Every structure is written in C-alpha cells, then in structure tokens.
Amino acid sequence: MDLLVSLVDLLFPPSHPPAMYSITAAPATVSHLVRIDGYSRTKNLRRGRFIEAMNFTVGGHRWFIRFYPNGHGPRDVGVVSVYVGIAGAYRRGGGDAKPVIADARFSLVDRDGRPAPPSFVQGMPAVDFSGNDFGMNIKRAELETSGFLKDDGFLVRCELGFVNSAGDGDGRRGVQIKEGIKVPPPNLHRHLADLLWKNQSSGDVFIEVQGKTFTAHRWMLAARSPVMAAELSSSDSDDAADTDADATKNTMMTLRVDDDMDAETALLHFIYTDTLPDDADTDDDAMAAARYGMERLQLMCEDALCRSLSVLTVASTLVFAEKHGCRVLKAACLDFLSCKRKLRQVTRLDDDFRLLTTTCPSVIKELFAQVLK
C-alpha cells in the first residue's frame, strides 16, 4: 500500500502547494451583569455563607457567581464579597486538574451606566480557576454610602478573559484563522430604525401614554403587533380628509395606552429596532408584550428574567410568571427551585417564601411534586 501511494504521488504530483494560514490566539471574553437584590435581608448570614447569584457554562465548565454578605474568608471583616469560580473545583483539587487561566475583573455598575470609581473596580490578571475561586471585596460602609446601592440592591459586572483558549481546555476556542476579508454583519435593520424610529416626523398615528404623545407609523405597528393591527383597523377615521395641514393633523388617529411610560417606550423601541433598550425593565416589558401579542418580545423578556434568576429573585419572579402566564419563565423558576439546597435558602427568606405560599399555593404543590420526583 505504501508503494502504491508513493507511485501515485510520483505520477500525479500536486499542482499547487498546500495552503498556508496564519493562526493567532485571540482572547475570548465573557461578561455577566449580576443584580444583588434584598441586600438588607442578607446581613445576618454568617461570614463565609453565600447566596448563589448566577450559574453559567463556558468551555465545558460550570461556573458560579456567589455573593457573600459578610465576607468570603475569616479575615474578611466589614466587607461584602462577590466571587466567581468553577463548580466542584475544590473537590477535584488543583493538582491533577488542567489549568483554567483567565483574567478576572469585577466592577460595580451604576444604573445609568456611569463607570465605577477605582475603589469599586478590582482586576486579577492570569489567575488559575482549576482549584480556587476569585473575587472582589467591597467595604460595607463605602458601599452603603456610594450611591450604587439603590432599592436595596446593587449591580456587579463580572468579566472573564480567556487567552489561548484557557476557557476551553483543549486549545480550540479563541483560535482565529486569518483568511479573506471579514464582512460585517447585515445592518439594514439599523438603517431602517434610524430612518423611522429616530425621525418620527413622518408618522401618521399618535400614541398617548401618561400625558406624553409619541408619533408612530400605522403600517409598522400593524405589522409588528396583531393586537395593534386590530385596534387600528377598527378605529380608522371616518372623517373626511381636509386639504389644509391643521385638518390633516386632526385626522391623525390617537391610541391611548395605559402602560407604564418606560414599558411603552421599550415596546416602541422593540417595534422599530427588534431589540430592547439596555435599561429595559423586563417584568413590565413582558406584560406589555403579552398584552399586544408580541411573542418574540415576551420570550426575550422571559429569557432575560431566566438568566437573572437567583435565590433572592426567584420567588417574586415565579409569582410574576404565574400571574401573567409566562410558561417558559415559570418552568425555569420551578427547575431552579428543584435544587434542594437553593430551595432551603429561599425558605430562609421569610417574606419571599410567604409571598409565594400565599399568592400561588397551587405552584407550591407543583414545586414539591417536582422536588419529590
């Protein structure tokens, strides 16, 4: 067989040399924004006790972000801590485990997007997560007077930067092959959004919410929402169209909406851009989406709420899901609570668990039926 292969190579040499590619290692960055709610209710937890704030998967590893209301270790006095790590890393130990090297960075985030001062930013370059978790300590007194703590909660951004595919473990992630020209993604939707959403002078329907009036386009509203299409169709003006400008303005239809101002603004933003604003309140937006038959928007909101589930939010989120018929979100909440450890943590939050039991007793039956399977 080897002789035959050599003969073929001799008789039919390749007409072109092998293609050459340039391979470079590029960092893969993962960023998660975590909201810590119910801050005041967690102050009595002992040092070293934590609340699971978020779980996610990167490079085949299951990661966690944990909030320690009274510090992570025995020397952490007068601080709150937020840590990230790989689930089970301590049980595996760092000796035989493959290194998982990443740059870690924590920072507090203002609701308005303003950057945090250096005292609320902490970075750790090239740390090995295979046997340890790493995090940020914040002095409790500084946090409580900083302005970042609002409505009994605060936001933390956790960023992990994997270089040379350390997040993958097998050397494949983060490797880019330079070949040809990188074409940017389609941006027609962005141009249309700029034309229509940001320049509403060409609109032909008014939307009135809480005394404020927005201008929109009938055809766009009808195309995006079956409920709005029905309202526009049934309420078309029968008035004769006058020729002067004032009369034309008076014949423009007005839709009066009872929604919250922020929810309606987010709804219109989605109608024109197919995206949600960065500061969207997903609870209210999900209600508006369900009311106007916008399934994609509702599922986007449910997905965002699913991703932000934590021990501190799951009870109120489950009540919301049951009340508004969010089936996907409800299933995610029940799945979250089917972990007995997390369920025990929720039951310790008396107010939240009482809200769940008094508001949705049928859901409690479903929950325990699922836990006892």
³J(HN,Hα) computed for each position of segment 67-72 - Karplus, 6.51 cos²θ - 1.76 cosθ + 1.60, integer Hz, glycine/proline x | 10, 10, x, 10, x, 8
Relative contact order [Cα under 8 Å, 6+ residues apart], segment 37-82, whole percent = 34
Could you sort out which of Lys98/Lys340; Lys98/Lys139; Lys43/Lys323; Lys43/Lys139; Lys150/Lys340; Lys340/Lys365 sit more than 22 Å apart by Cα distance in this structure?
-> Lys98/Lys340; Lys98/Lys139; Lys43/Lys323; Lys150/Lys340
When a footprinting reagent is the concern and you count Cβ atoms within 10 Å, what order do Phe120, Phe56 take, fewest first?
-> Phe56, Phe120
Additional length obtainable on full extension of the chain from His191 to Asn44, 0.36 nm per residue less Cα span | 47.7 nm
Hand me the trypsin sites (Lys or Arg not before Pro) from segment 40-87 located in a DSSP loop with no more than 10 other Cβ atoms within 10 Å, in residue order please.
-> Lys43, Arg46, Arg75
For segment 309-371, alpha-carbon Rg over 2.2 N^0.38 Å = 0.96
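Any read-out appearing in this document is the output of simple, stated calculations on the displayed coordinates, not a laboratory observation. The model shown is predicted, which means the values in this text are computed figures rather than measured ones. When we count neighbours, we look across all protein chains shown, and the Cβ atoms used for this are built from the backbone with ideal geometry, even at glycine.
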